[in-house]
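Worksheet for the structure shown next.
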Amino acid sequence: MGNSTSRRRGPSPLPPDQLRQKRLSVYVTDSELVAIQIQARQVQMAPPAYLRAAGLNILPPTIPEINRQAWATLAKAAGNLATISTAMRGGEYIQLEELRIAVNEFRQALIGVVHERDAED
């Protein structure tokens, strides 16, 4: 049970040249801290990792909010189309009316038409 050949849990240790052992301390105001936290959250990073990436000019691209909203709006229609496509590739019989409805919903979502049943959700 206690032998030294058992695998250690967690990630493999980093090579010595990749270990972060130096610390930088930065003082910020309350409003600066909030701004950093918001920006870090937008790219799904912790504030220290965000500051490191910003300082090294290697930040990930941020996705504009309008794109996030568009993706959320199109998700249901795109999912329906993917389901139909998968079924068709698998040899399942798809009724033409079902396909027409899915394609029409996708087209309407692309141009921004909102149905009453979708507006209630």
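Every read-out reported here was derived from the displayed coordinates using simple, explicitly stated rules and does not represent laboratory data. Just so it is clear, the model here is predicted, and its values are computed rather than measured. Note that we place each Cβ from the backbone using ideal geometry, even for glycine, and neighbour counts take in every protein chain shown.
Summed over segment 50-62, residues that are surrounded by 12 or more Cβ atoms within 10 Å (Cβ to Cβ) and of a type in the set (A, V, I, L, M, F, W, C) total 4. Within segment 69-113, restricting attention to residues that are among the β-branched types (Val, Ile, Thr) and surrounded by 10 or more Cβ atoms within 10 Å (Cβ to Cβ), the residue that is farthest from residue 42 (Cα to Cα) is 94.
Could you tell me whether segment 1-17 includes any residue that is small (Gly, Ala, Ser) and at positive phi?
Of segment 1-17, the ones small (Gly, Ala, Ser) are 2, 4, 6, 10, 12.
The next check asks that each one be at positive phi; those that pass are 10.
Within segment 1-17, one or more residues are small (Gly, Ala, Ser) and at positive phi.
Could you check, for segment 50-65, whether at least one of its residues is under 27 Å from the mean Cα position of the chain (by Cα), part of a helix (DSSP H, G or I), closer than 23 Å to residue 110 by Cβ and without any contact (Cβ under 8 Å) to a residue 40 or more places away in the chain? Yes, because at least one residue in segment 50-65 is under 27 Å from the mean Cα position of the chain (by Cα), part of a helix (DSSP H, G or I), closer than 23 Å to residue 110 by Cβ and without any contact (Cβ under 8 Å) to a residue 40 or more places away in the chain.
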